[in-house]
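The values are calculated or read from the model by the stated rules, or taken from the named source; none is laboratory data. These numbers come from a predicted model, not from an experiment. Virtual Cβ from ideal backbone geometry, glycine too; neighbours counted across all protein chains shown.
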């Protein structure tokens, strides 16, 4: 789902006011990006899931402190990086009762990685992309993020995101040319 800046600010504002359903919308939308950031720092799949869940819980609890509602993406990305580094350094945190309550009412926070694209040949080709291209491909193609959203979340200029999209398209076209032949064949 794509939001305008005003729509996202309204959702963030509702979440700040304690609306768990609004926060769940944010968690569902930003979860793929959070996973990509955590994956760059944390080695294990279970560790990545723990970091992402912990990051969203921390974000929910700290949300009243967020002053720039339009800066949620940057803020969330910073939390994920920070929590990932702490996890990688061996720091672990026991869940609190409040955490369990949030997880019950905001299921997107604790959702496991979607497997809708993990077994396809295209997904294999995307996983084979270099580290600087893979997150952009996953967010753009699998999670339907716009260039602007990717640019904001990954702290990259939009022109860099566009250039990397072009580069990865060319690589995927070469890698998957046999599929095109079968399709049009």
message: Quick test for you: out of 13, 55, pick the one residue that is assigned to a helix (DSSP H, G or I), in contact with a helix residue (DSSP H, G or I) (Cβ under 9 Å, 6 or more places away or on another chain), surrounded by fewer than 19 Cβ atoms within 10 Å (Cβ to Cβ) and at pLDDT 90 or above.
response: 13
- request: Please list, ordered by first then second residue, the pairs with beta carbon atoms under 7 Å, 6 or more apart or interchain, first in region 56-72 and more than 14 Å from residue 11 (Cβ to Cβ), second in a helix (DSSP H, G or I).
  value: 56/27; 56/109; 57/99; 57/102; 57/109; 58/79; 58/83; 64/16
task: Determine which single condition residue 39 fails, assuming it passes every other condition in (1) touching a helix residue (DSSP H, G or I) at 6+ places or on another chain (Cβ under 7 Å); (2) closer than 21 Å to residue 3 by Cα.
output: (2)
query: Is there any pair linking a residue in region 156-185 that is outside the structural domain of residue 135 (by TED's automatic domain parsing) and at pLDDT 85 or above to one that is surrounded by fewer than 16 Cβ atoms within 10 Å (Cβ to Cβ) and in a helix (DSSP H, G or I), with Cβ under 9 Å and at least six apart or on different chains, and which?
result: none
